[in-house]
Every structure is written in structure tokens, then in C-alpha cells.
Amino acid sequence: MRPLDIQQIGNELAIKWDDGVESFIAVETLRRRCPCAGCQGEVDVLGNLHINPPKPLPPAAFQLVRVTLVGGYAVQPTWADGHSSGLYPFDYLRKLGAIG
């Protein structure tokens, strides 16, 4: 499962997959579900999850600047507020597309 085309259409990220399926993910959902350690936390060697307290996101946090392919397995969005550490594996994107 690989994306053939990825583009922003309005407030959604549209993805056409190589199996013919099309996914539409709200840009806000994409940002709020960022999988990076800074957003979702990280687990220490003892299995404890450490996560920063939630902070309000400015409007620029929901402005997608670009989406870059990473190898053959993920995409990396860059946001107008400078955040770009989230790597979204293709299977995770497909799941996000199922919820919108």
C-alpha cells in the first residue's frame, strides 16, 4: 500500500492509494494525531509514558506547508508553526483516512 498522489484540497489532505482507494483526512485531524514523541509522548525503559502537558495550538499549527515522502514507508508534514518531526507511516495514514 503506497500513495500514488497526495495533495491538499481545502482543509483536507487527499491521498490516492495504489489499490484505488482514496482517503481524505482533515488537516486538523492530521496535526492533532501527530505521532511524534513531542506530541504523543514517549515510553521510558520501565514502560512509563512521559508526555508534555497539552498546550493550545496556534492557527499556524493547522496550516500545512508541505508533505514530504520519507523512504517507501511514510510522509512527513511540515506545518506553518515550524513543527515537522512527525513521521506518518502509510498504514497510519490509511487508518486516519478511515476516521476522516
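Let's see if you can work this out: charge +1 on each Lys and Arg Cβ, -1 on each Asp and Glu Cβ, no other charges. What is the dipole magnitude of the chain about its Cα centre, in debye to the nearest 20?
140 debye
So for the range 31-100, Kirkwood radius off the Cα pairs, Stokes-Einstein at 4 °C and 1.567 mPa s: how many µm² s⁻¹?
Translational D for this selection: 98 µm²/s.
Using only DSSP helix segments of four residues or longer, with each worth -39500 (n - 2.57), what per-residue ellipticity at 222 nm results for the chain after dividing by its residue count and rounding to 500?
Helices in the chain give a 222 nm mean residue ellipticity of -5000 deg cm²/dmol.
For residue 23, what is the net charge nearby, where nearby means another residue's Cβ is under 10 Å from its Cβ and Lys, Arg count +1, Asp, Glu -1?
That sum, taken over residues with Cβ under 10 Å, equals +1.
Count the net charge of all other residues whose Cβ sits under 11 Å from the Cβ of residue 60, scoring Lys and Arg as +1 and Asp and Glu as -1.
With Lys, Arg at +1 and Asp, Glu at -1, the neighbours total 0.
Each value in this text was obtained by applying a stated rule to the coordinates, not by laboratory testing. It should be emphasised that the depicted structure is a prediction, and the values quoted were computed from it without experimental measurement. As a convention, Cβ positions derive from the backbone with ideal geometry for all residues, glycine included, and neighbour counts pool all protein chains shown.
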